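The values are calculated or read from the model by the stated rules, or taken from the named source; none is laboratory data. Keep in mind that what you see is a predicted model, and the values were worked out from it rather than measured. In this analysis, Cβ positions are derived from the backbone assuming ideal geometry, glycine residues included, and neighbour counts consider all displayed protein chains. SASA here: full protein model, heavy atoms, side chains in, ligands and nucleic acids out. Shrake-Rupley method; radii C 1.70, N 1.55, O 1.52, S 1.80 Å.
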Amino acid sequence: ESFGNARTHRNDNSSRFGKFIELRFTSSGTLVGASIETYLLEKVRLISQAEGERNYHVFYEMLAGMTEEDLDSFLLGEYTAEDFRITSCSGTYDRRDGVRDVDTYEDLVDALEVMGFSPQHRKDVFGIASAVLHMSNLTILPTKGGEECEIDASNEHLEPILQLMGITKENLNQAICYFKIEARGQSYTRAVQKDTAEKGLEALIKATYSAMFDFIVQNINSNITVKKKAGSSSSTEGGAKKRSSKNANAGNAVIGVLDIFGFESFKTNSFEQLCINYCNEALQQQFNLFVLKNEQEEYEQEGIKWNFISFPDNQDALDLIWKKGYGILNILDDQCRAPGTTDKTFANDIYNKLTNKPRFEANFRQVGARQFGVFHYAGLVEYDTNGFVEKNKDELPREATELLLSSSSAFIKELAAIISKSSAPEPAKPSRGKKKSVTVGGHFASQLTSLRQKIDLTSPHYVRCLKPNGQLVPDNFDPLMIVEQLRCAGVVEAVRVSRVGYPQRYNHSQFVSRYRTLGSKEMKKASKSSRKVKPVVALVDAIAKKMWEIENKAPSTPAKASKKDKKSSSSGEKVDLLAVGIQVGKTKVFLRRKAFDILEKMRKDFMAAASIKVQAIARGYINRRDFNEYCEANLQLQCWIRVIIAERKVQAAREQFNAQRIQSTYRQYRGRRMFLAMLVVARWCQRRQRGAAGRAHYKKVYEIRRATIVIQCAVRVRQSTLVMMKLKQEAKDLSNVAEERDKFRERMEQMRIEMERVKVAAQKEAEEAAKLKKEASLRDLSMAADAEDELARVKEELANTQKELEEERLRFQEANNLAEARLEELETARETVAQVEPKLQEANDL
């Protein structure tokens, strides 16, 4: 699926190749092996896709699912699907079915490992896919005025191509831009133009990818195919070959699964659609023959009377496409083998040879556009001859094959061998010495012939896949689209063939079980009669008489028309079953469509009448049962109503009593609530009154307080004046300051003398401590600790003394500063007096 499936307009996972899978089983039913054969890979998809479609899944899976390390190893780096021409030409990069390329890439890697691909083979396969991506972006530049060309050496994708494919730049340029001509035993090299070189590059891309696809199929087959015994592989020509193959398969069973292309009809149809539709024409013919053969074999086995069934034969359509002399594909092969032919010469050739064929159409519009039409079993399909010759040739230049053979990679050389093998010419017939080159159409036709031979040796079963709508959404059924698919799949034609005979058939037991109600009386009579008659025969005879009466009954004159019928039916004459459309076989009853419709109508009418009678009886029984239930329910209902009435009276009395109690309680609650509300209002009024009286009293007190404050201000102003006058007086007397200074000096002298005394005492104590220390060396450690504590205490007293001396010095300094400050305060007091005098005057005025 990754390498051969792609997204199309109708399917996000469409197989772009056909495949036939053979599953081999042992006689006990154990699966032992399988093999795969593929048909017509759509290589043109590698180069271009229609809008809304994608290239093969593997390219998108690699770019989305590989790790950065793997991307770098395959020289993909930071590239995405939008960066390569073959993955971006359609503008579509995702899938509509919700499947993620990252997940499918993981499944692909697991599948390669399960199928026995070695790590080197996996690396080679992904390397070729990466090289194809890079080759699609390779550019070719014209030189010498367009007469020659060369590969663009500055293209960033050139180096990855050379590394991945193991080739050189010169060999690649020589294979793409030049070709060899051999004449008289000598070879000459000529340059090609740009468009020819680009076609050669596209052919190299398609051939390389196709060879890689064939390699994958071969590798899978080598791992899953059962090894045949030596005696089972030999075969001879003709009928002996079929017999030997049957004998070879006698020990095991084979189930073949053919997944082939469906019928295709697009807006533009080309060579691929012609091959696909040719395959469908052949398989449809085989399907019709199979259905007809089964029908006739069943009729013979059951021993019923039947006539040969005619069916539409599409052999003329198959001859139109592939018949020696005038088939479209044969004409195309002749054109491909002749020199200098083009699509135009091919179109003119088929117009000349096929204009009078009934299945061929070529009107003036189609001839002008180089188109033609073919009437297939599913309808008319128009084909455009543009590209037919090139696609049928599918030639890879010899120089490109030599380029692959010159690669340093063994895997590339293996692919080149696959390409050489697939393009090898057919062996020449004894009468002709020249070999014919293999064309795509001829190879596909031979594959189809081999496939039909395989199918003829089996018992086929057909599975038709139908899409309900074209939008790929659930719960949407498009009838027109379904009918079109049924017609293209040949189902409508097969149904028509089946309806010509006896489309409806039942086993005897099934027929009796389904239709016994239409002849139960006759079946009872037959069972009681002395002559032994099968129940199904008696039932069919009874039903046939009723059907004969229905068919020959005239609506206008029922009495006259039924007189003869009554006579025939009363006389016991048998009805012609073949004329009625019923046949009784050995194990089945066969019905024609008209007879089946009449029989179903009779059964429906009988079932309807019986159902009405059953319904009437059932309704009577139901009504009687309901009436009895209603009577009993009525009595119970009356009892319950009386109980309910009594309970209601008791409830009413209880409610009356309780209502009175509730009312009294409520009145009490309401009176108390009103009293409390009045109490709250009274207290509020009292607070308001007391507040008003208190505010009036406060106003009087406030006025008295204000007057008191004014008086106090006046008194304080007077006192301040007296203080100021005293300060002025003290400021004049500086002797007080001198006295204080002398007192501080004396105090400092005393403290200095005390400090010297303390020093002397400390020195003496230190000496004594030293002596004590010497003596304490012989004493306990505790006495030494006491001496140290005493020494510490003395040191602490010395520190305290020094601290007191420092404090006295600071006090002396503060005294000096105080004297200077008082002088400043004197000046400040003078200024304050000048400021207070106006206020004092105002206070005196008040």
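Before moving on, here are some points about what is shown:
- The stretch 10-39 residues that are under 27 Å from Tyr60 (Cα atoms), paired with ones that are aromatic (Phe, Trp, Tyr) (beta carbon under 6 Å, 6 or more apart): Gly18/Tyr39; Gly18/Phe261; Glu37/Phe20; Thr38/Phe17
- Residues of the stretch 392-420 satisfying the condition of being at pLDDT 85 or above and assigned to a loop (DSSP other than H, G, I, E, B): Ser406, Ser407, Ser408, Ser409
- Wholly enclosed helices (runs of 4 or more DSSP H) of the stretch 76-139 bearing at least 1 residues open to solvent by less than 50 Å² (accessible area, probe 1.4 Å) and closer than 28 Å to Ile151 by Cβ: 85-88, 119-136
- Restricting attention to the stretch 390-407, the residues that are closer than 22 Å to Asp333 by Cβ and open to solvent by 10 Å² or more (accessible area, probe 1.4 Å) add up to 9.
- Of all residues making up the stretch 465-512, the number that are assigned to a helix (DSSP H, G or I), more than 19 Å from Gln296 (Cβ to Cβ) and of a type in the set (Lys, Arg): 1
- Of all the numbered requirements in (1) open to solvent by 20 Å² or more (accessible area, probe 1.4 Å); (2) within 45 Å of the chain's Cα centre (by Cα), Ala338 misses one, and that requirement is (2).
- Residue within the stretch 576-597 that is crowded, with 17+ Cβ neighbours inside 10 Å, assigned to a helix (DSSP H, G or I) and modelled with pLDDT of 85 or more present: yes
- Filter result (over 56 Å from the mean Cα position of the chain (by Cα), open to solvent by 100 Å² or more (accessible area, probe 1.4 Å) and not β-branched (Val, Ile, Thr)) within the stretch 598-618: Lys613
- Taken as a whole, the structure leaves Asp780 outside the set of residues that are open to solvent by 70 Å² or more (accessible area, probe 1.4 Å), more than 27 Å from Lys726 (Cβ to Cβ) and at pLDDT 75 or above.
- Consider the stretch 513-551 and keep the residues that are open to solvent by less than 80 Å² (accessible area, probe 1.4 Å) and part of a loop (DSSP other than H, G, I, E, B). The one that is farthest from Ala579 (Cα to Cα) is Ser529.
- Looking across the stretch 140-151, just one residue is surrounded by fewer than 21 Cβ atoms within 10 Å (Cβ to Cβ) and touching a Pro at 6+ places or on another chain (Cβ under 8 Å), and that is Glu148.
- Near pairs, Cβ below 9 angstrom, 6+ apart or cross-chain, from the stretch 343-354 (touching a residue at least 12 places away in the same chain (Cβ under 8 Å)) to any residue that is of a type in the set (Phe, Trp, Tyr) and assigned to a helix (DSSP H, G or I): Asp343/Phe388; Phe346/Phe388; Ala347/Phe388
- Pair list, Cβ < 8 Å and 6+ apart or interchain, from the stretch 64-91 residues that are under 15 Å from Gly52 (Cα atoms) to residues that are among the charged types (D, E, K, R) and assigned to a helix (DSSP H, G or I): Ser88/Glu82
- Residues of the stretch 525-538 satisfying the condition of being touching a residue at least 12 places away in the same chain (Cβ under 8 Å) and closer than 15 Å to Lys586 by Cα: Lys534, Pro535, Val536, Val537, Ala538
- Check on Lys726, of a type in the set (Lys, Arg) and either at pLDDT 85 or above or within 20 Å of Ala815 (Cα to Cα) (or both): no
- Residue count, the stretch 499-512 (criterion: in contact with a helix residue (DSSP H, G or I) (Cβ under 7 Å, 6 or more places away or on another chain), farther than 21 Å from Phe606 by Cβ and open to solvent by 30 Å² or more (accessible area, probe 1.4 Å)): 2
- Phe375, sole failed condition from (1) of a type in the set (A, V, I, L, M, F, W, C); (2) in contact with a Ser or Thr (Cβ under 7 Å, 6 or more places away or on another chain); (3) at pLDDT 85 or above; (4) open to solvent by 20 Å² or more (accessible area, probe 1.4 Å): (2)
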